[in-house]
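Undergrad: Dumping the structure here so I can ask a few things about it.
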Amino acid sequence: MDFLLLLDTSVLGTTIRMATPLLLACLAGLFSERAGIFDIGLEGKMLLSAFLAAAVAYTSGNVWIGLLAGIAGSLMLSGIHGLASITFRGNQLISGVAINFFASGITVVAAQSWFGQGGRTPQISGAARFDPIIWPGALTRIRDLLQANLSTKIYSQIISGHAIIVYIALLAVPLAWWILYRTRFGLRLRAVGENPAAVDTAGISVIRLRFGAIMIAGVLCGIAGAYMSTALQAGFVREMSAGRGYIALAALIFAKWRPWQALGATLLFGYLQALALRPDIIEKAIGVKVQVQLLDALPYILTVVILAGFVGKAIPPRAGGEPYVKER
Amino acid sequence: MEKMPKWADVILIPAISILLAAIISGLVLLATGKDPLNALAIMFDGAVGSSRAWGYTLYYATNFIFTGLAVAVAFHARMFNIGGEGQALLGGVGVAVACLYIPWPHWTLALLGAIVLSGIFGAFWAAIPAFLQAKRGSHIVITTIMFNFIAYSLINHLLVNVMKPAGVMEPATASFPEAAHLPNFHDILGLVGIDFAMDAPANIAFFVALLACWFLWALIWRTRIGYQIRQFGESESAARYAGVSPTKIIMISMILSGMFAGMMSINNVMGEAERLVLNSAEGAGFIGIAVALMGRNHPVGIVLAAILFGFLYQGGTQLSIQAQIPKEMVVVIQSLVILFTGALDHMVRSPVERIFLALRRKEA
């Protein structure tokens, strides 16, 4: 048994890649829920964006256009969610569930009619994909890496070698913190999630603030989805979001609706997903062969365990989930 | 005074929602280069055009009645159980255990045994998230979704490593014995002289589903615990003040919910496949959400909504065969129904209410 193997630099590098869509979705949920709008639909927005990004990137040959298309699709779903939960004061959970099913169905229908490959896009490559950025002096060949010392390995496998969206996601954390805690918009946004009536009394539009928050969430989910299909993998396959939107929500609760803690929580979930991809390392580390099915279920089981056991008292924004009705 | 007559609330509003969903689905079909009217004709012919078609439609409807009841009973306690899919999969394990490992002398006893075991397995899978919600405050929506994913892996493990007969590649159990074979509509309706298609999967589980509907009605509207469930759903604080234990209501409503979802397996696993395969529930657990919303959590509404979705599901299958429209089109329609009947209810409702108010003013 050698538990240090579990900290292998290649696993930690994969951790960052797996955590990126979770982190972006978690920050999306952060903005939305801090403004008082529950968003179960993170999953669907990521999925639609993943499809549109891959499909448009393949068709246009330019991954940036694909990214924009993904964000546009995600924003459209955000708009529907806003219409249902803000304008028409409907049930936010049900609206989110509807959005998830819509994305799950429409992506396959559209992919089939567009490409005819059984609900997937063709493989994308070259300029239609976000390639890893190799930092100066970083090693890429496996043979070189095996002989390298630890600091070189950390530099080459953990810091270097990710697609640009990974670095954008990491920069989004301090940015989200700054917006939420150091700007007037952020103060109002947090206030509207706690006590919308007070914000309304101050003469600020609750509806506009909440729409602003879910549009930010839409952009972030769009980037997350595009990352899945154009960087993490080379194309869209059905249901490729695989519950990441829900795991991001669990991470958000774990982080108690705070940005830096969201980074920590999503890195933890990313690590579990990275580990689940490496049964060989787990076997060497704990000396027992673990069944594939258990490894597949591991991130989901740990989501349940963390939600149930280690969160402590997580108090959501007070007005979360409640539509705001102006006093007459 | 009510804003509009009851028939408008029960029939007109859902009908408008369906119409909106149908129009948007038609637009989606147009966008993918298919003819929506032709698609509708194929669906009608394939889903209600013959007794065989009806046999399939009612077979699917049976699944959706069970999962619709599952979602509805939880909704009455304002619990949102998205885990019907996982609970139905576990119910399938219950049915497989009952049919494979117990030698039943007659199908009636086998059916009873399968109902009990599938209910217990499904209830168990719902009881864990319910307990975590009641005692640890874990969000029931997220936990039940996670339990769906965990159920997929668990069934995969059970079929590949435990229940698969030796020497077989396919991850599935052996076929159930003859004594566990349920009579289908051909057998049942043949007794009263009606000639029903022999190869359609609708079976006696349909009548069990109707019985379950009655059970839900009696429970929710005619018993003390049903009253407490509704009270808790209306206002948790009021229920608490009246001495109702939240833990008890959460546990009971979710256990009943999981039980209904699990019992679906007597239809698809025992009545149709007659063995347990991977992904036996085929999304029926999720369709239950749309069915419960459309049926307004009432058994009669659930039966009607389930038959509508049975029509969509069977019609959708015919579309994928005859018109190369992917089966996932049904998921799109399902999402639109959830959106319009669930989340955008106010958008559909308020113009109708305004019309009725205007009419009434004219009369006065």
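The values are calculated or read from the model by the stated rules, or taken from the named source; none is laboratory data. Predicted, not measured: the structure shown is a model, and the values here were computed from it. Please note: Cβ atoms are built from the backbone with ideal geometry, for glycine as well, and neighbour counts cover all protein chains shown.
Undergrad: Which residues, counting only those in region A:172-196, are under 20 Å from residue A:208 (Cα atoms) and free of Cβ contacts under 8 Å to residues at least 12 places away in the same chain?
TA: A:179, A:181, A:182, A:183, A:184, A:186, A:187, A:191
Undergrad: Could I ask something else about it? Out of A:147, A:92, A:112, A:123, which single residue is under 26 Å from residue B:332 (Cα atoms), polar (S, T, N, Q) and out of contact with any helix residue (DSSP H, G or I) (no Cβ under 9 Å at 6 or more places or on another chain)?
TA: After applying the criteria, what remains is A:112.
Undergrad: Still on this structure, I have one more. Condition first: buried (at least 18 other Cβ atoms within 10 Å of the Cβ), of a type in the set (Val, Ile, Thr), outside any helix (DSSP H, G or I) and touching a residue at least 40 places away in the same chain (Cβ under 8 Å). Can you find one or more residues in region A:123-130 that meet it?
TA: Yes - at least one qualifying residue is present in region A:123-130.
Undergrad: Name the residue that is surrounded by the fewest Cβ atoms within 10 Å (Cβ to Cβ), counting only residues in region B:337-352 that are part of a helix (DSSP H, G or I) and within 7 Å of chain A (Cβ to nearest Cβ).
TA: Out of the qualifying residues, it is B:346.
Undergrad: Are there any pairs with C-beta distances below 7 angstrom linking a residue in region B:157-185 that is assigned to a loop (DSSP other than H, G, I, E, B) to a residue that is among the aromatic types (Phe, Trp, Tyr), with the two at least 6 apart or on different chains, and if so which?
TA: Pairs found: B:181/B:107; B:182/B:107.
Undergrad: What single numbered condition from (1) in contact with an Asp or Glu (Cβ under 9 Å, 6 or more places away or on another chain); (2) buried (at least 18 other Cβ atoms within 10 Å of the Cβ) fails to hold for residue A:318?
TA: Evaluating residue A:318 over (1) in contact with an Asp or Glu (Cβ under 9 Å, 6 or more places away or on another chain); (2) buried (at least 18 other Cβ atoms within 10 Å of the Cβ) leaves (2) as the failure.
Undergrad: Name the single residue, out of those in region A:257-270 being of a type in the set (Phe, Trp, Tyr) and over 14 Å from the mean Cα position of the chain (by Cα), that is surrounded by the most Cβ atoms within 10 Å (Cβ to Cβ).
TA: A:257
Undergrad: Ok, one more. Answer yes or no as to whether residue A:39 is assigned to a loop (DSSP other than H, G, I, E, B) and either within 14 Å of chain B (Cβ to nearest Cβ) or buried (at least 24 other Cβ atoms within 10 Å of the Cβ) (or both).
TA: Against the criterion (assigned to a loop (DSSP other than H, G, I, E, B) and either within 14 Å of chain B (Cβ to nearest Cβ) or buried (at least 24 other Cβ atoms within 10 Å of the Cβ) (or both)), residue A:39 qualifies.
Undergrad: Condition check: touching a helix residue (DSSP H, G or I) at 6+ places or on another chain (Cβ under 8 Å) and assigned to a helix (DSSP H, G or I). Does residue B:33 satisfy that?
TA: For residue B:33, the condition - touching a helix residue (DSSP H, G or I) at 6+ places or on another chain (Cβ under 8 Å) and assigned to a helix (DSSP H, G or I) - is not met.
Undergrad: Give region A:93-109 a look and list any residue that's among the hydrophobic types (A, V, I, L, M, F, W, C) and at the interface with chain B (Cβ under 7 Å from one of its Cβ atoms), or say none.
TA: A:93, A:94, A:97, A:98, A:101, A:102, A:106, A:108, A:109, listed by residue number.
Undergrad: Let me ask something else about it. Answer with yes or no whether residue A:172 is modelled with pLDDT of 90 or more and within 14 Å of another protein chain (Cβ to nearest Cβ).
TA: In short, no.
Undergrad: Taking the criterion of being surrounded by fewer than 17 Cβ atoms within 10 Å (Cβ to Cβ), more than 14 Å from chain B (Cβ to nearest Cβ) and either more than 16 Å from the chain's Cα centre (by Cα) or aromatic (Phe, Trp, Tyr) (or both), would at least one residue in region A:237-256 satisfy it?
TA: no
Undergrad: Can you tell me which condition residue B:85 does not meet? The list is (1) more than 18 Å from the chain's Cα centre (by Cα); (2) buried (at least 16 other Cβ atoms within 10 Å of the Cβ); (3) among the charged types (D, E, K, R); (4) in a helix (DSSP H, G or I), and all the others hold.
TA: All conditions pass for residue B:85, except number (1).
Undergrad: For region B:195-210: of the residues being farther than 18 Å from residue B:305 by Cβ and surrounded by fewer than 15 Cβ atoms within 10 Å (Cβ to Cβ), which is modelled with the highest pLDDT?
TA: If we take residues in region B:195-210 being farther than 18 Å from residue B:305 by Cβ and surrounded by fewer than 15 Cβ atoms within 10 Å (Cβ to Cβ), then B:207 is modelled with the highest pLDDT.
Undergrad: Follow-up question, since we're still on this one. Among B:302, B:266, B:355, which is the only one that is at pLDDT 90 or above, away from chain A (no Cβ under 13 Å), within 17 Å of residue B:11 (Cβ to Cβ) and in a helix (DSSP H, G or I)?
TA: B:302
Yes/no per residue for (1) within 16 Å of residue B:318 (Cα to Cα); (2) assigned to a helix (DSSP H, G or I); (3) at pLDDT 90 or above; (4) over 24 Å from the mean Cα position of the chain (by Cα):
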{"residue": "B:14", "(1), (2), (3), (4)": "no, yes, no, no"}
{"residue": "B:19", "(1), (2), (3), (4)": "no, yes, yes, no"}
{"residue": "B:24", "(1), (2), (3), (4)": "no, yes, yes, no"}
{"residue": "B:28", "(1), (2), (3), (4)": "no, yes, yes, yes"}
{"residue": "B:38", "(1), (2), (3), (4)": "yes, yes, yes, yes"}
{"residue": "B:44", "(1), (2), (3), (4)": "yes, yes, yes, no"}
{"residue": "B:53", "(1), (2), (3), (4)": "yes, yes, yes, no"}
{"residue": "B:75", "(1), (2), (3), (4)": "no, yes, yes, no"}
